[in-house]
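Read the structure below first, then the notes.
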Amino acid sequence: MWLQVCIFLFLLRQSNCMESYYVNEEEPPGTFVGDIADSLPQQDKSNIVFEMLQGKSKNLFRVTKSGKVYTLQKLDAEALCSYNAECYRTLDVTIKSDGTVKYVREIKIIINDIDDNKPIFPKSEVNLHFSEADGKGMKKPIINAMDKDISIQNSEIKYEINKGDDAPFSLDISKKVDGTSQLKIVLDEQLDRETKNTHMIQVIAKGSRSSEEESILKIKIDVLDFNDNPPVFMQKKYNFSIGNTVRSNMPIAAVSATDADSGMNSKISYRFSSKTLKAAVSHFKLNEESGEIFLNTQISKMKQKSYQLYIEATDGGSPALSSDAIVWVFVTNQENNAPHIEVNFITQSNNTLTISENIPVDSFLAYVKISDNDKGKNGDVHCGVKHDYFYLKDVDENRYTLKLKKEVDRESTTSMSFKITCQDKGSPPLSAEKKFSVHIVDVNDVPPQFTKSSFTFITYENGEKGFPIGFVNVSDPDSGPGGEVSYSLKSETNRNFPFHISNFGFISTTQSLDREQCDIYRFKVLAKDNGTPSLTSTANITVEIVDVNDNAPYFTFPSRNLFNVEFNYYPGSSKEITTLRASDRDSHVNAFLKYEILGGNAKKLFKVNPYTGVLSFAHTVNQNDAGSYDLKLAVKDKGKPVLSATTTLKLKLTIIKSASSSITVFQII
């Protein structure tokens, strides 16, 4: 009675506090957590029994009767608890004495979070867009990494930025109300899309344990175009001269500008600037898209010797940017004319020169005559050809010959173009040009080319006539007849040559093949083009014939059916009687032969070795074994299907007592 009172008083004292125990997550099942009995006096432990009540933690822990607490499974703090909150579970444990529950004790088990997760970005790569117009300090948010650990210490993430090619960006990190990081990519200096339109950077998230616990987010930054480049004229000042021969539908001049921006920001239109006098504008019109300038009146009505035009080029950006150029148009009289070019080719059709690819270097191609009726420097003309294959040779005043500078190869290029340009020394200088096309005629200078020097084909015997054997591939880069190839077969022995080749290089049989007559064929295929002269090449052909089991074996001994043998047997003589022999015209497994006895051996007196063909006695010969035997013998090959042959051996067996009388007699019937 006194013991029960002591226990009750002890438990009553403990009822005002909840005892706590600690265990790390991810420990294996059966991990010891704590001993509840340790809090009881030593003398009372033997009379107390502990038992855990059913509750939410019944699958996580167990309590022994002696009060020891163990885990039932591996604990995962991230699955059991919330972020940044104490992770624990409570157990209700009864304490019994003499079979009676004296008290229910609440036990708190705190599950310690360990750093078992590394930070991970939800995506491995994201795209951002910055504009050229964005100023320094512009920020763009990106996704942050997540660490599944629930404690603040273990889920802490550090971030770094890897700029790669020194991209002008930095990383801005701030904290959200939930404790996670807000990441932003910050522009450190203004971008220029025309210099670099794409940047690649990386943001690296690192865990608290080591540098190995890291995750990388790849960021592709595209630089969007901003209309920050005005159009740029090829020249700031243009000089053009016009005379009485100018037609109104032909452009007298053209200006050109480029814009380094993209899209609509680089689309250029042209117009006369407000600086251009109305008197000048009335004589000219301008193509807004091409920049070509046309006459808008007759030259006879133009009173001035020169006109100054201000051309403005404007892009399609918003706001639009523009630049201008000055065009001077000089009106010349009839005595200042551009040179006139006359070219007489050896062969010409619609300004097209046709030459053969084997034409020698320095060959004469055309005679060029220049005329300019102006006087003085206005009539002093110089001509030239800027081309890798052609040049002009000065032969007389205003007379040239067009010649070939280096060899041409039609297989490299089939056509080209060139122009002859002539300019006088007037002020301003006037020029003329003529453009021509050159067609290169093929010469049969490349023979047919096999893909390889030898071909090997394998086929079975007994195929039908026309059975395909194989294909040879030939190419010829020449054109026309020089690139058309025909085939023929050349055999050293023309006897019963069983192959044919088509115009497309397909080789087939002209008759059924018999491997027993010939097991391998070697010949040549000749490829011949239709050029002049014709060129040829050859390749070696090997055709291997695979055996088909088309020949049955046949006996060479006994050589006939029926074949008589007389055998005198005496005690102690050899058991071998004779040796069967057979042959097969097939090869390999189709000619592998096996012997057997089909009939006439009712007493089982005889046997034959299936592989050597040796016919012998199967057991000891007795006097009553004497007599005549008609042995039906067979030989079979191992082909598919199996082929065989049979014969009959008539054996007369005589039993004698004297060894000297032993003799075998063969008689053919």
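Each reported figure results from applying straightforward, stated rules to the coordinates on display, with no laboratory input. Everything numeric here is computed off the predicted structure, so don't read it as measured data. Positions of Cβ are generated from backbone atoms using ideal geometry, with glycine treated the same way; all protein chains shown enter the neighbour counts.
Order by neighbour count: Ile341, Ile420, Ile655, fewest other Cβ atoms within 10 Å first, most last.
Working: Ile341 20, Ile420 23, Ile655 16.
Ordered from fewest to most neighbouring Cβ atoms within 10 Å, Ile341, Ile420, Ile655 come out as Ile655, Ile341, Ile420.
Computed over neighbours whose Cβ is under 12 Å from that of Ala527, the net charge equals 0, Lys and Arg +1, Asp and Glu -1.
Other residues with beta-carbon under 12 Å from the beta-carbon of Val485 carry, at +1 per Lys or Arg and -1 per Asp or Glu, a net charge of -3.
Ignoring lysines fewer than eight residues from Lys65 along the same chain, the ones with Cα atoms less than 17 angstrom from its Cα are Lys45, Lys96, Lys102. Other residues within the sphere of radius under 12 Å centred on the Cβ of Thr198, judged by their own Cβ, net out at +1 (K and R +1, D and E -1). Amide H to amide H, with H built 1.01 Å from N, Asn568 comes under 5 Å of Thr654, Ile663, Thr664, Val665, counting only residues 5 or more places away or on other chains.
Residues whose amide H comes within less than 5 Å of that of Phe457, counting only those at least five positions distant or on another chain, are Thr542, Val543, Glu544 (H built at 1.01 Å from N in the peptide plane).
Taking amide H positions as modeled 1.01 Å from N, with prolines and chain starts lacking one, the residues under 5 Å from Asn24 and 5 or more places away or on another chain are Asn112. For the pairs Lys196/Lys237; Lys452/Lys528; Lys237/Lys267, note any where the Cα-Cα span goes beyond 24 Å. In this structure, Lys196/Lys237 exceed 24 Å between Cα atoms.
For segment 395-461, rounded, prolate or oblate, judged on the Cα gyration tensor with a ≥ b ≥ c (square roots of eigenvalues), a/c < 1.5 rounded, else prolate if a/b > b/c? Prolate, since a/c reaches 1.5 and a/b exceeds b/c.
Counting pairs of Cα atoms in segment 352-491, how many percent are more than 25 Å apart?
53 percent
Within the chain, what percent of beta bridges assigned by DSSP are antiparallel, to the nearest 5?
Around 80 percent antiparallel, to the nearest 5.
The Rg/Rh ratio of segment 125-224, with both radii computed over alpha carbons and Rh defined as the Kirkwood radius, is 1.02. Across segment 479-489, rounded Karplus estimates of 3J(HN,Hα) from the backbone phi angles (6.51 cos²θ - 1.76 cosθ + 1.60, θ = phi - 60°) give 10, x, x, x, x, 8, 10, 10, 10, 8, 10 Hz, Gly and Pro being marked x.
For the pair Ala618 and Thr352, label points projected 7 Å from Cα toward Cβ lie 9.4 nm apart. Over segment 449-546, the pair-distance histogram of Cα-Cα distances with 10 Å bins from zero comes to 15, 48, 27, 10, 1 percent, rounded to whole numbers. What would the Debye equation give as log₁₀ I(q)/I(0) for segment 151-284 at q = 0.14 Å⁻¹, counting only Cα atoms as equal point scatterers? The calculated log intensity ratios at q = 0.14 Å⁻¹ are -0.84. Per residue, the chain reaches -1000 deg cm²/dmol at 222 nm when only DSSP H runs of four or more residues are counted, each adding -39500 (n - 2.57). Between Asp394 and Val361, the FRET efficiency from the beta-carbon distance, with R0 = 25 Å, is close to 0.85. The phi-based Karplus calculation (6.51 cos²θ - 1.76 cosθ + 1.60; θ = phi - 60°) puts the 3J(HN,Hα) values of segment 269-284 at 10, 10, 7, 6, 6, 5, 6, 6, 5, 4, 4, 6, 4, 5, 8, 9 Hz, whole numbers, x for Gly and Pro. Ordering Asp38, Asp476 by the number of other Cβ atoms within 10 Å of each residue's own Cβ, fewest first, gives Asp38, Asp476.
Whole-Hz Karplus values for segment 303-309 come out as 7, 8, 7, 8, 9, 10, 10 Hz, taken residue by residue from phi with 6.51 cos²θ - 1.76 cosθ + 1.60 and θ = phi - 60°; glycine and proline positions read x.
With Cα atoms as the point set, the radius of gyration and Dmax of segment 40-175 evaluate to 25.9, 86 Å. Which entries in the list Lys575/Lys638; Lys305/Lys403; Lys58/Lys123; Lys603/Lys640 go over 31 Å, if you measure between the two C-alpha atoms of each? Among Lys575/Lys638; Lys305/Lys403; Lys58/Lys123; Lys603/Lys640, the Cα-Cα distance tops 31 Å for Lys305/Lys403; Lys58/Lys123; Lys603/Lys640.
Ranking of Thr314, Thr258 by neighbouring Cβ atoms within 10 Å, starting from the fewest: Thr258, Thr314. For semi-axes √(5λ) of the Cα gyration tensor in Å, the value calculated from this model appears in (1) 89, 80, 15; (2) 36, 35, 25; (3) 40, 32, 27 under label (1).
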